[in-house]
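The values are calculated or read from the model by the stated rules, or taken from the named source; none is laboratory data. Just so it is clear, the model here is predicted, and its values are computed rather than measured. Backbone-built Cβ (ideal geometry, glycine too); neighbour counts: all protein chains shown.
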Amino acid sequence: MLGFGLNPVHLAVLAFILFSPVCLGIRSFPGRDVAGGDYGYEGFFRFAEAPDYRNGEECPAKGHKGYVSSCDPSLVHVAMTLDSEYLRGSIAAVHSILRHSSCPENVFFHFIAAEFDPASPRVLTQLVRSTFPSLNFKVYIFREDTVINLISSSIRSALENPLNYARNYLGDILDPCVERVIYIDSDLVVVDDIRKLWNITLTESRVIGAPEYCHAVFEKYFTDEFWSDPDLPRVFDSRKPCYFNTGVMVMDLVRWREGNYRRKIENWMELQRRRRIYELGSLPPFLLVFAGNVEAIDHRWNQHGLGGDNVKGSCRPLHPGPVSLLHWSGKGKPWSRLDARKPCPVDHLWEPYDLYKPHRNHRLNHQQMLLSASSSTLVGYSNYFI
């Protein structure tokens with residue numbers, strides 16, 4: 001069933017995911033379910049507790065036993081957003097990284113949660129902790145009014161979510177001692193050791209690294225209003241711009257902060273509010289600032305577009321070549337299609353990392369959950385205000 005519609009190459013990828021020795025560390029399988037919380041909708045999030053992934057002897061020693069500081073130099077830093085709508089995808093992404101990491105205890109997650117998420121950042125923190133009891137992570141509250149007045153309408157309403165723009169503020173949000181981070185979207189899974197991506201060198205003072213796609217028609221990401229202007233296209237005069245997907249980026253936060261790149265992106269967003277120079281949400285400002293000056297990372301680290309186009313969410317196959325990261329960018333999300341019993345063939349590659357357990361007759365009073373979350377000690381819970 002899992003291989004339905006997949007060619008031999010894709011079956012090999014699935015076999016690698018399911019049956020390969022995915023981690024050099026030590027794992028145990030508790031085998032019990034952990035209840036999540038009612039997050040304000042009709043649904044009830046309930047996740048199985050993930051296996052306890054542990055380091056092998058070859059891993060670098062952490063600076064502290066027990067509590068792990070985000071300033072520990074042995075850590076691999078991963079940043080992603082955390083919200084009730086995409087929580088199932090976020091949990092699967094974290095699970096995939098831990099499962100394939102050679103040193104899972106040395107991965108530190110930075111989660112950015114919206115201030116007014118229906119589940120509240122405290123409940124989301126509780127859910128992550130109950131699903132991954134030994135995970136090293138910190139949750140930051142992102143105030144939506146930081147960016148709400150800069151966001152313009154897009155071709156799809158989901159692209160207007162303020163959390164889509166949180167990546168612009170990582171240099172401000174994360175602790176100053178965090179000098180490098182891998183930013184990932186919540187609709188992907190990693191099927192390789194994340195340390196390989198972490199160790200990529202950003203040459204010639206480049207600020208970000210990402211897979212580039214120079215065969216894409218770059219002009220389509222901007223409107224005729226942009227290209228017909230006598231001055232605006234000149235931003236690309238000194239570089240050869242290529243499309244890259246901002247859902248997977250290695251970011252040098254020292255260079256980011258020094259270059260005030262947050263402000264450079266905001267300047268383009270302010271112009272967009274006045275003149276409508278693009279249609280596609282948070283991506284074009286990144287292209288305007290960085291396209292043509294990106295460290296080109298192997299395409300295996302972002303097999304993107306698996307969610308289909310941004311309107312219909314049609315099925316798409318894997319791209320040719322090796323795979324280290326599968327990304328369901330686009331409208332169609334694998335959990336939604338699987339639940340609807342209308343999955344695309346590639347959605348079965350996401351399924352092994354899904355820890356969601358549908359509620360049967362189990363219900364938890366919302367207010368009891370909120371009280372429990374607010375009264376418990378939540379390690380790594382921070383506020384972020386501009």
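For segment 131-151, which positions are of a type outside the set (Ser, Thr, Tyr) and part of a helix (DSSP H, G or I)? Residues satisfying the conditions are Glu144, Asp145, Ile148, Asn149, Leu150. Checking each residue in segment 82-130 for being of a type in the set (Gly, Ala, Ser), under 23 Å from Asp193 (Cβ atoms), part of a helix (DSSP H, G or I) and in contact with a strand residue (DSSP E or B) (Cβ under 7 Å, 6 or more places away or on another chain) picks out Ser90, Ala92, Ala93, Ser96. Remark: pairs (first residue in segment 235-247, closer than 25 Å to Val181 by Cα; second residue of a type in the set (Ser, Thr, Tyr); Cβ separation under 6 Å; 6+ apart in sequence or on different chains) = Tyr243/Tyr213; Gly247/Ser329. Taken as a whole, the condition of being farther than 30 Å from His100 by Cβ and either β-branched (Val, Ile, Thr) or in a loop (DSSP other than H, G, I, E, B) (or both) applies to Asp229. For segment 199-240, the set of residues classified as aliphatic (A, V, I, L, M) and under 21 Å from Arg262 (Cα atoms) consists of Leu202, Val207, Ile208, Ala210, Leu232, Val235, listed by residue number.
Of all residues in segment 230-242, those that are surrounded by 13 or more Cβ atoms within 10 Å (Cβ to Cβ) and over 12 Å from Leu288 (Cβ atoms) total 1. Among the residues of segment 44-74, just one is among the basic types (Lys, Arg), at pLDDT below 85 and within 25 Å of the chain's Cα centre (by Cα), namely Lys62. Within segment 177-200, the set of residues being within 17 Å of Asn302 (Cα to Cα) and among the β-branched types (Val, Ile, Thr) comprises Val181, Ile182, Ile184, Val189, Val190, Val191, Ile194, Ile200.
Here Pro352, Pro358, Pro343, Pro320 are screened, and the one residue that is part of a loop (DSSP other than H, G, I, E, B), surrounded by 14 or more Cβ atoms within 10 Å (Cβ to Cβ) and modelled with pLDDT of 50 or more is Pro343.
Look at (1) surrounded by fewer than 23 Cβ atoms within 10 Å (Cβ to Cβ); (2) of a type outside the set (Val, Ile, Thr); (3) in contact (Cβ under 8 Å) with a residue 40 or more places away in the chain and you find that His215 fails only one, number (3).
Would you confirm whether or not segment 158-171 contains a residue that is of a type in the set (A, V, I, L, M, F, W, C), at pLDDT 95 or above and surrounded by 19 or more Cβ atoms within 10 Å (Cβ to Cβ)? Checked segment 158-171: at least one residue is of a type in the set (A, V, I, L, M, F, W, C), at pLDDT 95 or above and surrounded by 19 or more Cβ atoms within 10 Å (Cβ to Cβ). Looking across Ser154, Ser186, one residue alone is touching a helix residue (DSSP H, G or I) at 6+ places or on another chain (Cβ under 6 Å), assigned to a loop (DSSP other than H, G, I, E, B) and at pLDDT below 95. It is Ser154.
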